[in-house]
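Student: My questions will all concern the structure given below.
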Amino acid sequence: MQTEVAPTDRPDFFKDAVHRAVELLAAGEPVALPTETVYGLAADALNPDAVAKIFIAKDRPAFDPLIVHLPHKDRLPEIAIVPDDIAPTVALLIENFWPGPLTLILPKNPAVPDAVTAGLPTVAVRISDHPVFQRVITSLKRPLAAPSANRFGRISPTSAAAVLKELDTRIPLILDGGACHAGLESTIVKIIPGDPKPTLRVLRAGPVTKDDLKAFGRVEFANAAPHPDHPVAPEAPGLLASHYAPLTPLRLLAEGEIFQPVPGRRYALLSYRGDPDDGSFGLPCWEHSIVLSPGKGKLPEAAVRFFHALRQLDELGVDEIIAEAIPERGLGVAIMERLRRAATPQPVPPA
Ligand code: TXA
Ligand code: MG
């Protein structure tokens, strides 16, 4: 199959690209679309054959459920059933964060195919605020299942070029909506009723931070990354310990740790702010280094550039990528969650 990349950066291109995407989606085909977080591989959420094509294109195991994106918040009842005891909190979260990078886990409507939810009684749901995604889904007028548009376990794509590298020849169309402006996948939250306050259990840290959420409940992190030596079933089934993994081994330094190179090995550095005082940036051993946010270090800038930087370093062919720790506050929590997963050793495939 030939994969086409359709630009959207002129009104006529935009119109044509949206039209073609809607046609393919209505015919049950998958299409890669930009969202504010990362690019998603979308298909009609209520068509099991279309959903199956997402799993095939991504090599995604059937146990990993998808996120359903809505055209409008009024369409929520078609996908999820909101229990009375959390309804006020759900309403507030929707009012404050949709459209945007917050995914809610709710009991599913039986109309949602089991393939979407991997047989779980719950469904993940959000609304994207990306103009290209919005135009496609509101023209189609149907909910779209869309996981990140990468092969399973690999680095999430934040540009159309990255999607093409991941899924070339596997899907018919990618809409190019430019670089994603959040750069990290949505925050996933499960609401647990409680008096006087509900608990907001963060299954995946993301652009909506603890500070953003704390007005709506007691925020706790599910710590969904099990230790590689003690694997336990994670609450978000896709959040296996090893994820977002570059093919090059990645080592995450402890805060302030000074890297000790082994002579003869080739290294690349992922630095937070490019400051030699942080420990390793000034060392002479780097074949290449990328600084996520030069100067004082700004977490939103680091988040936007993170997956692209990881992808660039992965393409160098060095022996090891060394990553500096990032301050674990605000968006830094989400970046560190991904760095820890990227650093988990991959099982060695049989020769
Ligand atoms: O920002 C995003 O969320 C992007 C864009 C495209 O919207 N999508 C995304 O999808 O990151 P994906 O499939 O790469 O990650 C979805 C995660 C998976 O780890 C999956 O296990 C979890 O959501 N998930 C889906 N349904 C769930 C459920 N019912 N309960 C718990 N976790 C669920
Ligand atoms: Mg993903």
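Student: Hey, what's the Cα Rg ratio for segment 86-173 versus the globular rule of thumb, 2.2 N^0.38 Å?
Tutor: Computed over Cα atoms of segment 86-173, the ratio equals 1.25.
Student: Another question about this same structure. What is the set of long-range amide H partners of HIS130 at a cut-off below 5 Å, with H atoms built 1.01 Å from backbone N?
Tutor: When sequence neighbours closer than 5 places are left aside, the close amide H contacts are GLU36.
Student: Rounded to the nearest 20 debye, what is the charge dipole size of the chain about its Cα centre when +1 sits on each Lys and Arg Cβ and -1 on each Asp and Glu Cβ?
Tutor: On the way: 36 positive and 42 negative charges, 44 e Å.
Result for the chain is approximately 220 debye, rounded to the nearest 20.
Student: Towards the positive end of the charge dipole of the chain, with charges on Cβ (+1 Lys, Arg; -1 Asp, Glu), say which of GLY279, LEU331, MET1 has the farthest Cα.
Tutor: Of GLY279, LEU331, MET1, it is MET1.
Student: To the nearest 10 degrees, how steeply does helix 331-343 sit against the main Cα axis of the chain, on a 0 to 90 scale?
Tutor: 70 degrees
Student: Out of the DSSP beta bridges found with both residues in the chain, what percent are antiparallel (nearest 5)?
Tutor: Antiparallel: roughly 40 percent of the beta bridges in the chain.
Student: Under the definition of Cα pairs under 8 Å and six or more residues apart, what whole-number percent is the relative contact order of the chain?
Tutor: Relative contact order for the chain comes out at 18 percent.
Student: Moving on to the next point. How big is the charge dipole of segment 4-176 about its Cα centre, in debye rounded to the nearest 20, if each Lys and Arg gets +1 on its Cβ and each Asp and Glu gets -1 on its Cβ? Could the numbers behind the result be given before it?
Tutor: Details: 17 positive and 21 negative charges, 40 e Å.
In total the dipole reaches around 200 debye.
Student: Excluding ARG338 itself, what net charge comes from residues whose Cβ is under 15 Å from its Cβ, given Lys and Arg +1 and Asp and Glu -1?
Tutor: Counting the neighbours of ARG338, the net charge comes to +2.
Student: Over 20 Å between Cα atoms: which of LYS214/LYS296; LYS73/LYS190; LYS73/LYS197; LYS73/LYS108 fall into that group? Don't jump to the answer; show the numbers that get you there.
Tutor: On the way: LYS214/LYS296 27 Å; LYS73/LYS190 18 Å; LYS73/LYS197 24 Å; LYS73/LYS108 15 Å.
Result: LYS214/LYS296; LYS73/LYS197 exceed 20 Å.
Student: Rounded to whole Å, give me the distance from the Cα center of segment 320-338 to that of segment 249-307.
Tutor: Segment 320-338 and segment 249-307 have Cα centres separated by 11 Å.
Student: So what does the Cα-only Debye profile of segment 60-117 read at q = 0.12, 0.19, 0.24 Å⁻¹, as log10 I(q)/I(0), no solvent term?
Tutor: For the requested q values the scattering log ratios are -0.30, -0.74, -1.10.
Student: Okay, moving on. Ordered by packing density, taken as the mean number of other Cβ atoms within 10 Å over each peptide's residues, highest first, how do 157-166, 110-119 rank?
Tutor: 157-166, 110-119
Student: With angles folded into 0 to 90 degrees, how steeply does helix 299-314 sit against the dominant principal axis of the chain? Use alpha carbons for both and round to 10.
Tutor: Helix 299-314 sits roughly 70 degrees off the main axis of the chain.
Student: Which three numbers, in whole Å and largest first, are the semi-axes of the equivalent ellipsoid of segment 4-176 derived from its Cα gyration tensor as √(5λ)?
Tutor: Square roots of five times the eigenvalues give 25, 18, 14 Å.
Student: If you don't mind, another one. May I ask you to list the trypsin sites (Lys or Arg not before Pro) in segment 290-330 that are in a DSSP loop and have at most 12 other Cβ atoms within 10 Å of their Cβ?
Tutor: Counting only loop positions with at most 12 other Cβ atoms within 10 Å, the trypsin sites (Lys or Arg not before Pro) in segment 290-330 are LYS296, ARG329.
Student: Roughly what angle does helix 87-97 make with the longest principal axis of the chain, taking Cα atoms, 0 to 90 degrees, to the nearest 10?
Tutor: That helix lies at roughly 60 degrees to the long axis.
Student: Please label the shape of segment 22-86 as rounded, prolate or oblate, based on the square roots a ≥ b ≥ c of the eigenvalues of the alpha-carbon gyration tensor (a/c under 1.5 means rounded; beyond that, a/b larger than b/c means prolate, else oblate).
Tutor: Prolate, since a/c reaches 1.5 and a/b exceeds b/c.
Student: Something else: If the viscosity is 1.306 mPa s and the temperature 10 °C, what translational diffusion coefficient in µm²/s does Stokes-Einstein give for the chain when Rh comes from Kirkwood over Cα pairs?
Tutor: Here the translational diffusion coefficient equals 76 µm²/s.
Student: A further question on this structure: What are the principal axis extents of the Cα atoms in segment 250-342, in Å, biggest first?
Tutor: Computed over segment 250-342, the largest-to-smallest principal extents equal 38, 27, 21 Å.
Rule-based calculations on the coordinates, nothing more; no lab input. Every value quoted in this text rests on a predicted model; they were computed, and no experiment measured them. Quick reminder, even Gly has a Cβ in these numbers, built from the backbone with ideal geometry, and neighbours come from all protein chains shown.
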